[in-house]
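I have placed the structure first, in the form of structure tokens, so that the comments after it can refer back to it.
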Amino acid sequence: MKMKKRIIASTAVLAASVMLCAVNVDAEITDPGDYMGEWYANYMMDGQDGMRMNVAGIMGASYVFTLNEDGTGTVVYSGLEDDATEEPENVAFNWEYTDGKIVLKVEDGSEAAMDDVDGELLIDMGDDTLFVLGRELIQEEMDWDALIGAMADDENIEKANTPKENPYVYHPEAPNTKDVIAAYMEDYSYREFEIAIDEANGTFTVDFQGDEYSEPEHIEGTYEITADNFVNIKWVYDEEYGLENVYEGAEYVERWNTYTVKEDLSNVPDVIAAMADSMDYEHQYTADSVTLKETSDTEGTAVLKDGDYEFTYDYSIVPGVDPILSISYYDEEQEYTPEWDNYNMR
């Protein structure tokens with residue numbers, strides 16, 4: 001998820017070397033003497049108007065900035081828990097009052113500007129991440145489910161507003177064979193890989209990098225471009241029994257189109273029917289068998305019928321140029337709520 005990466009990156013930066021960047025906001029500091037002493041990094045924000053996250057609650061640690069009247073200062077990172085074993089980390093800096101801002105200068109050459117904005121002291125951590133400083137430490141209990149949910153919402157909004165073409169479509173006027181095979185490989189495994197094709201022989205190789213959960217993998221396969229401009233590939237994964245993995249372009253192009261929601265949301269019943277149909281092996285559904293009951297513009301329930309049989313899903317939509325459609329239901333027997341979205345099915 002994007003925001004989480006920013007939090008981790010900002011934490012690592014502070015703990016290691018306090019690599020700070022200048023803040024591009026109007027300053028209101030008139031007397032730097034008013035800002036001497038200790039300041040706690042209490043909140044982290046994604047941009048000046050972004051969601052606030054309590055630093056002590058997230059990390060179980062504090063960052064204390066101290067400004068001295070002689071133009072020196074320190075930032076100290078230390079754990080707040082009683083069983084904290086790590087020694088506090090201390091980084092020194094010098095500060096200057098320049099153009100209405102208190103500019104911190106670290107020995108490695110990096111700088112940061114402290115600004116008083118609307119009564120709050122802010123430091124920009126780079127990558128559009130800000131710290132809000134206060135005179136007293138504020139430690140709040142973190143609602144991790146809410147935080148993770150908010151991050152997922154932000155990520156989904158960005159994804160839904162990013163146009164994406166069907167990656168399995170072959171373009172003979174500008175051959176993209178390697179790109180199509182790469183799309184198959186991403187479907188096969190989410191690991192990083194390197195791919196090469198030999199157009200003369202109609203072959204390809206793929207090397208997957210290993211990680212803590214899987215060993216490296218080398219694949220050698222063949223591909224063909226059909227008369228109706230689909231890319232088909234296959235490779236043998238069990239030599240003894242001659243077992244093959246086969247990816248046929250026509251199937252994957254159709255699958256992508258089937259599970260893609262139109263920007264105007266006009267085909268939501270079609271996509272819900274296709275998603276439910278793929279998960280329910282005993283019943284078949286079409287768009288005509290779906291009845292939507294809206295609770296808002298983007299949420300509601302979908303009642304699906306197959307003859308006398310009826311099943312209800314909750315649905316939600318993240319609108320955009322490439323909308324995300326999720327369906328779910330509460331499984332009373334297992335006491336949990338499975339959820340599917342069209343992105344993972346196409």
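The values are calculated or read from the model by the stated rules, or taken from the named source; none is laboratory data. As the structure is a prediction and not an experimental result, all values here were calculated from the model. Ideal geometry is used to build each Cβ from the backbone, glycine not excepted, and the neighbour counts take in all protein chains shown. Accessible surface areas use protein heavy atoms only, side chains included; no ligands, DNA or RNA. Shrake-Rupley method; radii C 1.70, N 1.55, O 1.52, S 1.80 Å.
Below, the figures for the structure above:
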| read-out | value |
| --- | --- |
| Radius of gyration, Dmax [the range 204-296; alpha carbons; angstrom] | 19.1, 56 |
| Accessible-area value, GLU136, 1.4 Å probe, nucleic acids and ligands omitted, Å² | 140 |
| Fraction of alpha-carbon pairs over 19 Å apart in the range 160-235 - percent | 39 |
| Kirkwood-based shape ratio for the range 28-73, expressed as Rg/Rh from alpha carbons | 1.07 |
| In Hz, Karplus ³J(HN,Hα) per residue of the range 59-71 (6.51, -1.76, 1.60; θ = phi - 60°; x = Gly, Pro) | 9, x, 8, 10, 10, 10, 9, 10, 9, 9, 5, 7, x |
| Rounded percent of accessible protein surface that carbon and sulfur make up, the range 225-346, 1.4 Å probe | 41 |
| Span-rule helices in the chain, defined as complete DSSP H runs reaching 15 Å or more along the axis (Cα) with Kyte mean at least -1.0 | 2-16, 144-160, 177-188, 268-279 |
| Dimensions (Å) - the range 103-251, Cα atoms, principal axes, largest first | 69, 38, 37 |
| Per residue accessible area in Å² of the chain, where ligands, DNA and RNA are left out and the probe is 1.4 Å | 57 |
| Contour excess over end-to-end distance, with Cα ends at ASP153 and ASN94 and 0.36 nm allotted per residue | 17.2 nm |
| Distance in nm between pseudo-label sites at ASN229 and ASP31 (7 Å out along the Cβ direction from Cα) | 7.4 |
| Distance from the range 260-322 to the range 89-157 (C-alpha centre basis), Å | 44 |
| Relative counts (whole %) of C-alpha pair distances in the range 222-346, using bins that are 10 Å wide | 12, 35, 27, 18, 8, 0 |
| Pairs of alpha carbons in the range 122-194 whose separation is greater than 16 Å (percent) | 75 |
| From phi via Karplus (6.51, -1.76, 1.60), per-residue ³J(HN,Hα) for the range 221-228 in Hz, x at Gly/Pro | x, 10, 9, 9, 10, 6, 5, 9 |
| With 5 Å bins from 0: P(r) over the range 67-158, alpha-carbon pairs, percent | 3, 10, 13, 20, 18, 15, 12, 8, 2, 0 |
| For the chain, calculated [θ]222 nm from helices alone, where every DSSP H run of n ≥ 4 adds -39500 (n - 2.57) | -6500 deg cm²/dmol |
| At R0 = 35 Å, FRET efficiency that the Cβ-Cβ distance of GLU86 and TRP144 yields, to 0.05 | 0.95 |
| Label-to-label distance, nm, for residues given as VAL236 and SER189 (7 Å Cα→Cβ offset) | 1.9 |
| Contact order normalised by residue count of the chain, Cα under 8 Å, 6+ apart, percent | 12 |
| Interatomic Cα distance distribution for the range 194-243, bins of 5 angstrom, percent | 5, 17, 20, 22, 18, 11, 5, 2, 0 |
